[in-house]
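The values are calculated or read from the model by the stated rules, or taken from the named source; none is laboratory data. Since this is a predicted model, take the numbers as computed values, not measurements. Please note: Cβ atoms are built from the backbone with ideal geometry, for glycine as well, and neighbour counts cover all protein chains shown. For accessibility, only protein heavy atoms count, side chains too; no ligands or nucleic acids. Shrake-Rupley method; radii C 1.70, N 1.55, O 1.52, S 1.80 Å.
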Amino acid sequence: MDTDSPEKFLIKGFLETSFVDWPGNICSVLFLPHCNFRCSYCHNANLVLHPVTMENISFTSVMARLRQID
């Protein structure tokens with residue numbers, strides 16, 4: 001795999017439509033594992049603490065879905 005390829009990044013979650021993550025805009029959100037913060041209010045505790053239990057999502061599939069809704 002090319003070291004400059006987006007495929008090298010682990011994607012553990014994909015929210016195709018968000019109205020709150022970029023105020024005034026509609027956007028998509030990718031969730032990546034291994035956050036080094038341990039916030040008590042985290043909404044993604046499994047993603048932070050147990051990312052290996054979550055399915056990987058390929059960058060290619062994310063881009064394919066975004067092209068469908070564009």
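Between Asn56, Asn46, Asn25, find the one with the highest GNM mean-square fluctuation for the chain; connect C-alpha pairs within less than 10 Å.
Checking each option, the largest mean-square fluctuation is seen for Asn25.
At each listed q (0.14, 0.15, 0.19, 0.25 Å⁻¹), what is the log10 of I(q)/I(0) that the Debye formula gives for the chain modelled as equal alpha-carbon point scatterers?
Listed by q, the Debye log ratios stand at -0.52, -0.60, -0.91, -1.19.
May I ask you to give the solvent-accessible area per residue for the chain, in square angstrom, as obtained with a 1.4 angstrom probe?
Result: 81 Å² per residue.
Using a 1.4 angstrom probe on heavy atoms only, work out the carbon and sulfur share of the accessible area of the stretch 23-70 in %.
On the stretch 23-70, the fraction of accessible area on carbon and sulfur atoms equals 57 percent.
Given the protein chains as shown and a 1.4 Å probe, how many square angstrom of Val52 are accessible, to the nearest 10?
Val52 exposes around 130 Å² with every protein chain in place.
Hey, with R₀ at 25 Å, roughly what FRET efficiency would Phe14 and Asn36 work out to, going by the Cβ-Cβ distance, to 0.05?
The calculated FRET efficiency here is 0.70.
Using Cα pairs under 8 angstrom and six or more residues apart, how large is the relative contact order of the chain, in percent?
About 33 percent, as a whole number.
With point charges of +1 on the Cβ of Lys and Arg and -1 on the Cβ of Asp and Glu, referenced to the Cα centre of the chain, which listed residue (Pro51, Gly24, Met63) lies farthest in the positive direction of the dipole?
Pro51
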